[in-house]
Amino acid sequence: MLHYADMIDLVATARSFFASGKGILAADESVHTATARLAAYGVPASAEMRRRYRDLFLGAEGIERYLSGVILFEETLSQKGDDGKPFPDSLAARGIAPGIKVDEGIEPFPTSPEESITKGLLGLDARLEGYRKQGAVFTKWRAVVRIDGDRLPTSTALHENAKRLASYAKEAQAAGLVPILEPEVLLEGKHSRQRARAVIEETLGMLFSVLEEHSVDCASVILKTAMALSGSDSGRKDTPEEVAEDTVAALLASVPRQTSGIVFLSGGQTPEQATENLAAISRRARALNAPWPLTFSYARALQEEALALWKGKQENLALARTAFLERLARVSAALGN
Ligand code: 5MM
């Protein structure tokens with residue numbers, strides 16, 4: 001049972017991620033995804049190479065100016081940086097909250113196998129306890145929503161993913177860990193931006209109604225969402241103002257005002273698009289007096305440029321870190337606060 005004092009801490013922790021000019025680095029690529037990201041630059045994968053990849057970002061001097069939190073992958077929680085300190089400890093020492101991705105990836109949804117369902121509820125309570133002991137103060141669970149015309153997503157798959165997100169959120173809160181709920185509406189597809197907006201609205205509407213049914217306290221829940229964008233195969237390029245109008249409209253229509261805050265994923269946008277779209281969304285949300293704070297929780301848009309320079313080589317580290325800090329500064333400035 002959750003106690004009132006714990007709840008106050010969770011609400012305060014959730015709010016702390018939205019400190020002025022700060023956001024979250026998503027450094028939680030699973031082994032599979034990290035292997036693909038490294039391979040794209042000819043870097044062979046191993047636990048040690050992934051540790052060095054994480055250290056490129058987490059060991060960069062000055063990240064505390066822009067980051068309130070970092071989402072880690074389980075493997076990284078137990079690894080040490082080049083400074084010899086466990087990553088969670090070195091982040092916490094700089095005032096950056098360490099978090100952990102707790103879902104165990106996706107599998108085909110049995111009644112609609114072109115869609116996916118997220119795994120990881122079995123034994124979650126024991127894992128959460130372990131993560132907390134290792135220093136994690138928040139958690140993240142990702143569900144994947146694919147658009148295909150008017151056919152996908154199905155409401156059955158949205159509902160099942162929402163139920164699992166709600167179960168996860170309850171368990172995380174009971175363990176004293178802030179939950180970040182990430183139902184990612186994918187950029188891949190031929191769909192229009194208007195269709196993406198409608199699907200985001202439907203996905204989030206379903207999610208928050210299921211959260212209410214499960215009595216999940218939204219004041220200590222962070223929503224991680226995609227922006228409303230034309231599909232990557234649509235042949236259309238949206239202006240930041242169009243993205244902002246449709247994204248903020250979808251959020252205002254579906255996210256309860258008491259929700260602690262909203263963070264955005266970059267989802268395959270270029271670093272520049274993710275920066276410009278965030279700036280336009282922040283301006284639009286302010287103009288419309290949106291009730292929740294907003295910030296970023298990017299993986300690719302923050303890490304891609306640095307990875308391309310680093311290529312797994314020690315002699316490129318300083319240059320790569322400079323590029324990372326420059327992108328962080330620009331994304332932070334896009335918040336306009
Ligand atoms: C959508 O992915 C999340 C945000 O990353 P982008 O800004 O690149 O879109 C990210 O947190 C994601 O959940 C993790 O990278 C884990 O992904 P995998 O595929 O490794 O589970």
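Indicate, rounded to the nearest 5 percent, the antiparallel portion of the DSSP beta bridges found entirely in segment 108-197.
Values: 3 of 11 bridges.
For segment 108-197, the DSSP antiparallel bridge percentage is about 25.
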Taking 7 Å along the Cα-to-C-beta vector as the label spot, tell me the E61-R236 distance in nanometres, rounded to one decimal.
4.8 nm
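Determine the relative contact order of segment 289-335: mean sequence separation of Cα pairs under 8 Å and six or more apart, normalised by residue count, in whole percent. Walk me through the numbers before you get to the answer.
Numbers: 25 pairs, mean separation 17.6, N = 47.
Dividing the mean separation by the residue count of segment 289-335 yields 37 percent.
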Computed magnitude of the charge dipole of segment 212-337 (debye, nearest 20; Cβ of K, R +1, Cβ of D, E -1):
380 debye
Given Cα pairs under 8 Å that are at least 6 residues apart, what percent is the relative contact order of segment 4-334?
18 percent
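In percent, how large is the relative contact order of segment 80-180, given Cα pairs closer than 8 Å and 6 or more residues apart?
Working: 134 pairs, mean separation 28.8, N = 101.
Computed value for segment 80-180: 28 percent relative contact order.
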Kirkwood Rh and Cα Rg combined as Rg/Rh, segment 243-314
1.09
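Calculated FRET efficiency, H159 and A40, Cβ-Cβ r, R0 41 Å, to nearest 0.05? Present the calculation step by step, with values, prior to reporting the outcome.
Values: r = 35 Å, r/R0 = 0.86.
After rounding, the FRET efficiency stands at 0.70.
Test of understanding: what is the full-extension gain from N289 to L121, defined as 0.36 nm times their sequence separation minus their Cα-Cα distance?
On the way: separation 168, 0.36 × 168 = 60.48 nm, distance 3.66 nm.
Length gained between N289 and L121: 56.8 nm.
Where the accessible area of the chain is counted over protein heavy atoms with a 1.4 Å probe, how much of it, in %, is carbon and sulfur? Intermediate results must be reported in sequence, preceding the final value.
Details: 7200 of 13760 Å².
Taking all protein chains in place, the chain shows 52 percent carbon and sulfur surface.
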With charges set only on the Cβ (+1 for Lys and Arg, -1 for Asp and Glu), what does the dipole of segment 4-334 come to about its Cα centre, in debye to the nearest 20?
600 debye
Using a 1.4 Å probe, what is the accessible area per residue for segment 4-334, in Å²?
40 Å²
One finds the C-alpha centres of segment 8-37 and segment 322-337 to be spaced, in Å, by 16 Å
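Looking only at the chain, where both bridge partners belong to it, what percent of the DSSP beta bridges are antiparallel (to the nearest 5)? All intermediate terms of the calculation are to be shown ahead of the outcome.
On the way: 6 of 37 bridges.
Antiparallel: roughly 15 percent of the beta bridges in the chain.
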Please list, or write none, the lysines whose alpha carbon is within less than 20 Å of the alpha carbon of K163, excluding same-chain residues fewer than 8 places away.
K101, K119, K140, K224
In Å and on Cα atoms, what radius of gyration and Dmax does the chain show?
18.7, 54
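The values are calculated or read from the model by the stated rules, or taken from the named source; none is laboratory data. Keep in mind the model is a prediction, meaning the values are calculated, not measured. So basically every Cβ, Gly included, is an ideal-geometry build from the backbone, and we count neighbours across all protein chains shown. Calculation scope for accessible area: heavy atoms of the full protein, side chains included, ligands and nucleic acids excluded. Shrake-Rupley method; radii C 1.70, N 1.55, O 1.52, S 1.80 Å.
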